[in-house]
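Below: one structure, written as structure tokens.
The values are calculated or read from the model by the stated rules, or taken from the named source; none is laboratory data. Values in this document were obtained by computation on a predicted structure and should not be read as measured data. We place every Cβ from the backbone using ideal geometry, glycine too, and count neighbours over all the protein chains shown.
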Amino acid sequence: MRLFVLLAALVLSYSAAALPGHYLATTPDKADFALVGPNSQALILVDKQEHKGVLRAVDSLQRDIRSVSGRQLAIAQQGQAQQLLIIGSLGKSALLEQLVSSGKLDVSAIAGKWDAFQIQLVSQPLPGVEQALVIAGSDKRGTIYGIYDLAETIGVSPWYWWADVPPPKQPQLYIKAGTNFNDAPKVKYRGIFLNDEHPALTNWVTEQYGGYNSQFYLQVFELLQRLKANFLWPAMWNNAFADDDWQNALLADEMGIVMSNSHHEPMLRADKEWNRYGEGPWEYSTNRDNIYKFWQQGAKRHKNLESIFTLGMRGQEDEPMSEGDNIALLQQIVADQRQILQQTFHDRPIEQVPQVWALYKEVQGFYERGMRVPDDVTLLWADDNFGNIRRLPAKAERNRSGGAGVYYHFDYVGAPRSYRWINTIPLAKIWQQMDLAWQYQADRIWIVNVGDLKPMELPIDFFLRMAWNPAAFNADNLQQFVSDWASQQFGPQHADTIAGLLQGYTRHNGRRKPEAVEPDTYSILHYAEAERISAELTELANTSDFVQQQLAPGLQDAYIQLVAHPLKASRAVFELNRAVAMNRLHGDQGRASTNYWAERVKFWFDEDARLTRLYHSLGNGRWNHMMSQPHIGFTYWRNPPANLMPVVSLATPMAVADMGVAAEGSALSWPISEYRNKQLALDTFYPHGQPKRTIEVFNKGTVPFAFSAKASADWITLSHRSGEISSQQNIAVSIDWQKANNGLNNAEVHIQGTGWGGAKVQVSAFKPASTAPTGFVEADGYIALDAASATVGGNSSQAWWQKVDGLGRTGPAMVAMTQADYQLSDLSQAPYLEYPLYFHHTGQVILHSIVAPTLQLIPGRQLRFAVTLNDGPPQLVDTLPDHSEQAWQQAVLDGVRTIKTPLQVVQSGAHRLRIYLLDPAVVLQKLLLDTGGLQPSDLGPVQSPRL
């Protein structure tokens with residue numbers, strides 16, 4: 001019996017994290033419930049007194065079952081059948097009351113709970129009825145969630161409408177015998193914010209519906225229901241939810257969607273309503289009476305609708321108040337707003353009227369300087385608009401009756417660079433930040449800015465499912481979630497591959513958002529960085545094409561929307577900028593190939609436009625305008641009015657032979673280098689470093705020429721010693737270490753072709769005396785370490801290093817995890833990451849610690865770790881040493897912060913580096929030890945070899 005209970009607990013724990021479907025019988029047994037059998041089908045029974053929203057969902061379920069099985073179940077208030085599907089809400093369904101009173105159904109697990117549902121098979125529920133599948137809800141939403149849980153279980157994706165995902169055909173549908181489970185959300189209010197909705201969403205909505213009316217919001221509300229969400233901040237740039245169409249608010253209430261307004265729209269009045277009806281300036285210090293009346297109308301309008309009232313005040317169009325830091329004025333504003341609510345809701349205590357104070361941007365500063373609101377008001381903490389939560393409740397703040405929540409972003413307009421176009425959010429980043437919110441009890445409201453809604457399908461789905469049960473998600477099941485999600489949309493055959501594509505393009509966009517990628521972002525000179533990323537994205541695109549070819553025709557539109565378009569569009573922006581960088585370099589060096597790279601710039605610019613047209617053509621223009629957000633040509637935070645073709649260099653090569661020579665790692669070329677009295681040189685070779693480096697011999701004219709290359713020492717190996725150059729020839733240079741002497745070797749490669757004397761490229765190679773190094777070996781002037789390559793020691797139940805796939809820019813990250821409020825008292829007991837190193841040189845080494853741009857979100861805590869080399873004294877490393885606006889902007893553009901710490905290597909040989917956990921939330925991605933040769937790049941070199 002104990003074993004059965006344990007297994008059941010494990011199953012429920014897994015199913016809570018996975019997508020619905022665990023109770024569908026794929027190979028039915030005779031004891032299973034036939035929702036749709038070969039010769040029978042269930043009758044749906046629902047009470048006529050049921051909530052309108054529930055009846056609407058039952059109609060949707062009927063359509064869902066028909067779309068999957070081809071059979072339509074009848075809906076009745078009463079009737080006889082061998083198999084019944086009974087649906088009802090507690091307090092609304094006489095059928096449920098009958099089952100409970102007869103002892104056939106026990107609903108004690110959901111009674112009185114918020115948004116809870118129960119799905120259970122009941123034998124002989126009524127006379128003459130063999131079996132019934134019962135969906136019971138503790139309230140209206142609970143019942144709706146149970147209905148859509150069944151719909152998803154039989155194969156209907158929540159994205160069937162919003163991403164054209166067709167349900168799989170299954171002529172028979174069975175529910176497993178013994179099915180009996182219940183569920184309820186852990187976060188009370190879970191929702192999205194439609195924002196920054198012009199031009200894409202607004203133009204689409206206008207074309208499809210004529211405006212943001214109830215026909216449009218019906219689709220939004222149903223999506224939220226299917227994702228078990230219950231909260232919405234509506235589109236507001238040029239719209240006013242309740243004023244544009246009063247049916248919007250009525251429909252939301254009917255469907256169980258709790259409405260509120262954004263962080264700068266108090267008292268359920270849209271910003272644009274003040275433009276339409278407001279009298280005087282939006283300035284409370286001088287226009288209190290008119291603004292007070294304006295807010296009174298909002299409270300009155302929503303008195304009988306389930307809502308949350310936003311308190312406080314910001315300037316119009318989401319600007320800070322003109323009164324600046326006038327805390328006394330803001331306190332008066334909140335007091336007046338509370339007074340309005342008390343007068344409006346005179347039939348209940350003010351504490352029972354849901355209210356929220358959004359601590360967004362400068363408003364958080366009011367709180368930190370002492371402003372407070374009553375305990376029943378929810379404090380909505382915010383991220384920094386780039387996915388890094390700014391603050392979470394301290395221990396003393398967690399007992400407030402109003403609780404706390406988080407306002408998060410997948411989309412943002414503002415400095416340092418807006419990002420509104422494509423999905424850029426790795427799921428691991430969402431999990432790491434929102435897991436902290438859950439741990440520190442910010443669990444009353446989770447709301448996320450999703451921009452135009454599309455193309456944020458994957459992160460929206462993840463965010464809302466995590467909001468339902470944060471504890472079900474952990475670092476070890478994130479990859480499985482993506483595979484399960486891909487399987488739900490496209491079937492199991494290619495699910496793991498598609499998951500890799502989704503993770504691949506979001507990892508790339510998580511490094512630096514496409515709007516912030518510029519020609520010099522990724523190095524074209526060092527570590528083959530841009531070339532490596534190009535190869536990575538090309539492989540993803542080729543794999544995507546292969547998968548797409550295997551998918552059925554009915555899945556093509558969904559695949560383009562959810563996978564192929566965001567992947568290929570992200571690639572196009574990268575390749576465009578890489579081509580601009582190559583065009584500039586070749587132009588500066590006078591190469592004839594300058595024009596080739598100019599053509600590639602134009603190709604990728606046109607490819608971006610082609611991909612947009614393809615997206616807009618899907619379903620005969622079903623999603624026209626949805627990808628129209630400009631994203632190429634940013635020069636500051638604000639987007640350009642349209643995608644702007646970059647300026648390129650064009651060459652006019654002459655009908656002559658004219659040699660140029662360039663050395664890998666330098667933008668200089670011969671003969672320009674000679675004119676500037678600078679020698680071309682390759683970076684020093686090491687036995688365990690980069691095995692080959694390249695010399696490029698190129699033509700600046702159109703007439704081919706012959707060249708020869710000769711090394712001045714026999715330990716230099718050349719891939720080519722002569723040839724004819726039409727455009728370019730790469731000479732791979734490597735070292736024959738058997739012939740090199742111990743220590744530093746110097747020589748040169750002499751290249752002759754056209755021009756006086758030819759070019760000379762310096763070559764150096766360092767051969768250490770030690771022939772048997774161990775650990776990660778110094779070479780090329782550095783040791784590069786992926787954080788997750790460490791040996792982990794000292795982990796405990798209170799503090800531990802956690803490996804998280806998908807959180808690093810190039811590989812897994814290591815995250816400092818602790819129980820809430822845990823304080824380390826003894827460094828010797830701290831969990832640590834250990835890396836074995838081998839240095840050939842001695843002296844000062846600079847440790848570059850590359851960490852996520854996490855913020856100091858726990859009051860009184862820093863973001864530190866300690867580092868030791870061998871048994872030396874520990875050095876404290878503050879990963880957030882600079883709190884300036886400039887430092888923050890650079891960190892969120894880069895997606896990381898880099899902290900430099902000097903270390904002293906007193907002797908060559910084997911060493912041990914340890915990183916000790918001190919504070920929670922540190923996300924360590926990569927470590928670079930610069931021994932004098934580290935070159936500038938965005939991602940840094942690949943990990944050093946470990947011997």
Scanning the stretch 675-689 for residues that are touching a residue at least 24 places away in the same chain (Cβ under 8 Å), out of contact with any helix residue (DSSP H, G or I) (no Cβ under 8 Å at 6 or more places or on another chain) and not in a loop (DSSP other than H, G, I, E, B) gives 681, 685
All-but-one check, residue 663 against (1) of a type in the set (Gly, Ala, Ser); (2) surrounded by fewer than 21 Cβ atoms within 10 Å (Cβ to Cβ); (3) not assigned by TED's automatic domain parsing to the domain that holds residue 515, failing number (2)
- Message: For the structure I just gave you, tell me whether residue 376 is of a type outside the set (Gly, Ala, Ser), touching an Asp or Glu at 6+ places or on another chain (Cβ under 7 Å) and at pLDDT 95 or above.
- Response: yes
Restricted to the stretch 690-710 and to residues being of a type in the set (Gly, Ala, Ser) and assigned to a strand (DSSP E or B), the residue surrounded by the most Cβ atoms within 10 Å (Cβ to Cβ) is 709
The residue from 58, 54, 36 that alone is buried (at least 18 other Cβ atoms within 10 Å of the Cβ), closer than 23 Å to residue 181 by Cβ and touching a Gly at 6+ places or on another chain (Cβ under 8 Å) is 54
Out of (1) within 28 Å of the chain's Cα centre (by Cα); (2) in contact (Cβ under 8 Å) with a residue 60 or more places away in the chain; (3) assigned to a strand (DSSP E or B), the one residue 846 does not meet is (1)
Of the residues in the stretch 464-480, those that are in contact with a Phe, Trp or Tyr (Cβ under 7 Å, 6 or more places away or on another chain) and of a type in the set (Phe, Trp, Tyr) come to 473
Do we find that residue 877 is at pLDDT 95 or above, touching a Leu at 6+ places or on another chain (Cβ under 7 Å), of a type in the set (Val, Ile, Thr) and not assigned by TED's automatic domain parsing to the domain that holds residue 459 in this structure? no
Counting only residues that are aliphatic (A, V, I, L, M), more than 30 Å from the chain's Cα centre (by Cα) and crowded, with 17+ Cβ neighbours inside 10 Å, the stretch 931-947 contains a total of 1
Here the residues within the stretch 615-649 that are part of a loop (DSSP other than H, G, I, E, B), under 25 Å from the mean Cα position of the chain (by Cα) and hydroxyl-bearing (Ser, Thr, Tyr) are 628, 635, 636
Within the stretch 644-695, restricting to residues that are of a type in the set (Gly, Ala, Ser) and over 19 Å from residue 937 (Cβ atoms), the one that is modelled with the lowest pLDDT is 673
Residue hits (the stretch 712-733; closer than 24 Å to residue 772 by Cα and not in a strand (DSSP E or B)) are 715
*Does residue 338 satisfy being part of a helix (DSSP H, G or I) and among the charged types (D, E, K, R)?*
yes
Flagged in the stretch 900-914 as closer than 21 Å to residue 809 by Cβ and surrounded by fewer than 20 Cβ atoms within 10 Å (Cβ to Cβ), in numbering order, are 900, 901
Residue 522 being closer than 30 Å to residue 633 by Cα and over 19 Å from the mean Cα position of the chain (by Cα)
yes
Notebook entry, point to check: For residue 201, are the conditions met, namely being outside any loop (DSSP other than H, G, I, E, B), in the same structural domain as residue 228 (by TED's automatic domain parsing) and either touching a residue at least 12 places away in the same chain (Cβ under 8 Å) or within 28 Å of the chain's Cα centre (by Cα) (or both)?
Noted result: yes
- Message: I'd like to know if the stretch 703-716 contains one or more residues that are at pLDDT 95 or above and within 17 Å of residue 781 (Cα to Cα).
- Response: no
When the stretch 148-207 is checked residue by residue, the ones that are under 27 Å from residue 469 (Cα atoms) and of a type in the set (Val, Ile, Thr) are 153, 154, 156, 165, 175, 179, 187, 192
Checked 199, 185 against criteria (over 30 Å from residue 119 (Cα atoms) and at pLDDT 95 or above); the one match is 199
Over the stretch 125-149, the set of residues farther than 16 Å from residue 50 by Cβ and either of a type in the set (A, V, I, L, M, F, W, C) or within 32 Å of the chain's Cα centre (by Cα) (or both) is 126, 129, 132, 133, 149
Going by the conditions given, is residue 849 buried (at least 18 other Cβ atoms within 10 Å of the Cβ), out of contact with any helix residue (DSSP H, G or I) (no Cβ under 7 Å at 6 or more places or on another chain), among the hydroxyl-bearing types (Ser, Thr, Tyr) and under 22 Å from residue 817 (Cβ atoms)?
-> yes
Among residues of the stretch 68-118 being touching a residue at least 60 places away in the same chain (Cβ under 8 Å) and in a strand (DSSP E or B), the residue surrounded by the most Cβ atoms within 10 Å (Cβ to Cβ) is 87
Residues of the stretch 252-275 being in contact with a Gly (Cβ under 9 Å, 6 or more places away or on another chain) and either in a helix (DSSP H, G or I) or on the phi > 0 side of the Ramachandran plot (or both), in sequence order, are 253, 254, 256, 266, 267, 268, 273
Counted residues in the stretch 662-685 being within 30 Å of residue 741 (Cβ to Cβ) and in contact with a Gly (Cβ under 8 Å, 6 or more places away or on another chain) come to 4
Matching residues in the stretch 287-319 (closer than 13 Å to residue 242 by Cβ, among the aliphatic types (A, V, I, L, M) and over 38 Å from the mean Cα position of the chain (by Cα)) number 0
Taking the stretch 451-463 and keeping only residues that are crowded, with 24+ Cβ neighbours inside 10 Å and either touching a Phe, Trp or Tyr at 6+ places or on another chain (Cβ under 6 Å) or within 22 Å of residue 393 (Cβ to Cβ) (or both), one is left with 457, 463
Over the stretch 510-542, the set of residues touching a strand residue (DSSP E or B) at 6+ places or on another chain (Cβ under 9 Å) and among the polar types (S, T, N, Q) is none
Does the stretch 734-750 contain at least one residue that is hydroxyl-bearing (Ser, Thr, Tyr), surrounded by 14 or more Cβ atoms within 10 Å (Cβ to Cβ) and in a loop (DSSP other than H, G, I, E, B)?
no
